[in-house]
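To keep things clear, I will list the structure first and then write my remarks on it.
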């Protein structure tokens with residue numbers, strides 16, 4: 001093997017994992033408060049909005065599986081972030097919607113205790129926020 | 001528990017007057033464990049939803065998504081036979097994907 005082909009081979013080895021592993025915002029997901037996570041996402045002071053709809057149970061008996069349905073009626077919504085304020089790492093998900101997707105997501109989350117769930121939507125470069133309290137009878141982060 | 005198979009259903013919903021959309025419901029077999037659990041941190045990080053080969057939703061998620069994640073997404077319009085593909089990658093570099101046609 002020539003030196004050049006060896007370098008090319010090593011380059012291939014390095015390039016592969018980089019193309020497979022997509023971006024993941026380690027800093028935002030590692031933030032210990034919702035405020036810090038939002039700051040990292042460039043959404044430090046979102047404007048309150050009634051056009052973000054959060055459907056969730058008022059009381060979740062099992063914190064390991066709490067169903068949450070989110071949709072944004074703000075025109076031009078391009079992303080939605082979900083933060084569970086009292087979880088050790090509040091940022092739970094960030095969803096980017098391309099032009100062909102509706103700003104809607106339904107997911108199940110774990111909640112350690114009763115908490116506000118904050119949803120921050122991005123539209124036209126601005127951030128909007130709504131939140132809703134979910135009471136948790138048995139926390140779902142241990143085990 | 002290891003990561004495993006996926007299941008997916010994609011159907012047309014809505015109405016001609018209010019607008020038709022494609023409802024995608026996908027299940028991922030994955031432990032989604034946190035660092036506090038004895039299995040250690042193991043969770044899906046990235047999800048991509050594609051419609052006819054084009055990315056339509058890209059998500060980053062944390063270990064606070066429940067075990068064996070189930071997601072619903074909605075895509076504008078759509079037609080029977082559209083190809084929907086969902087793939088995920090976790091923090092250990094494991095991945096999986098599934099493809100189905102809109103029914």
(request) Give A:64, A:44 a once-over and let me know the one that is away from chain B (no Cβ under 14 Å), in contact with a strand residue (DSSP E or B) (Cβ under 9 Å, 6 or more places away or on another chain) and not in a strand (DSSP E or B). (result) A:44
(request) Return the pairs, sorted by first residue and then second, in which the second residue is modelled with pLDDT under 95 and surrounded by 24 or more Cβ atoms within 10 Å (Cβ to Cβ), the first residue lies in segment B:59-71 and is more than 7 Å from chain A (Cβ to nearest Cβ) and in a strand (DSSP E or B), the beta carbons are less than 9 Å apart, and the residues are 6+ apart or on different chains. (result) none
(message) Looking at segment B:72-98 only, could you name the residues that are free of Cβ contacts under 8 Å to residues at least 24 places away in the same chain and under 14 Å from the mean Cα position of the chain (by Cα)?
(response) B:95
(request) Give just the number: which of (1) under 18 Å from residue B:22 (Cα atoms); (2) surrounded by 23 or more Cβ atoms within 10 Å (Cβ to Cβ) does residue B:52 not satisfy? (result) (2)
(request) Could you list, in sequence order, all residues of segment B:72-81 that are at the interface with chain A (Cβ under 7 Å from one of its Cβ atoms) and surrounded by 16 or more Cβ atoms within 10 Å (Cβ to Cβ)? (result) B:73, B:74, B:75, B:76
(message) Take the residues in segment B:27-58 that are more than 9 Å from chain A (Cβ to nearest Cβ) and closer than 17 Å to residue A:98 by Cβ; name whichever of them is nearest to the chain's Cα centre (by Cα).
(response) B:50
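The values are calculated or read from the model by the stated rules, or taken from the named source; none is laboratory data. Keep in mind that this is a model prediction, so the values were computed, not measured. Backbone-built Cβ (ideal geometry, glycine too); neighbour counts: all protein chains shown.
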